[in-house]
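Take a look at the structure set out below.
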């Protein structure tokens, strides 16, 4: 699909997203899970998809836990079926539990920005615009599913409205 993203180009933006969402951390997780407990988490596809933003996803965990490590088995652009896992993350258990949903939010924002910049930006063609719309529609479905199940916050509403704006639709 696209080239791998350079972490330095988005690290500060991810830090800002995480600082806004996490603040002092997840109170429930911090109460229940020991501070030094390590764990392994897997990202698992729930529906057929084209993988995008895997480097951004793993960087979220590295920013939350500098000792986090990821085993990436698939790359952006790979087609995946339900049940397949593109990555395993090894980190502090608190990091995995706190970052699993909120970690996807900045990734989705960056994917919207990346798509708009690279496919809708200065050099436009019918092929590039069609590709952008395919990527944004997939992201729209993912965000809609996420929005239905998550705890609503200002940043989640902003993300939902951001994708609707990118697709030029009204909330409803």
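Every number here is computed from the coordinates shown, using simple stated rules; none is lab data. From a predicted model like this one, the values you see are computed outputs, not experimental measurements. Positions of Cβ are generated from backbone atoms using ideal geometry, with glycine treated the same way; all protein chains shown enter the neighbour counts.
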Exercise. At residue 168 and residue 153, where each label point lies 7 Å from the Cα along Cα→Cβ, what is the point-to-point distance in nanometres?
Worked result: 3.2 nm
Problem set entry | Efficiency of FRET between residue 37 and residue 130 - r from beta-carbon atoms, R0 41 angstrom, step 0.05 | 0.30
Exercise. For region 105-166, with equal point scatterers placed on the C-alpha atoms only and solvent neglected, what are the log10 I(q)/I(0) values from the Debye formula at q = 0.23, 0.24 1/Å, to two decimals?
Worked result: -0.89, -0.95
Seminar exercise, completed: Under the 7 Å Cα-to-Cβ spin-label approximation, residue 13 and residue 161 lie apart by a distance in nanometres of 1.9 nm
For this session: Sort the following peptides by mean Cβ neighbour count (other Cβ atoms within 10 Å, averaged over residues), highest first: 137-145, 43-51.
Result: 137-145, 43-51
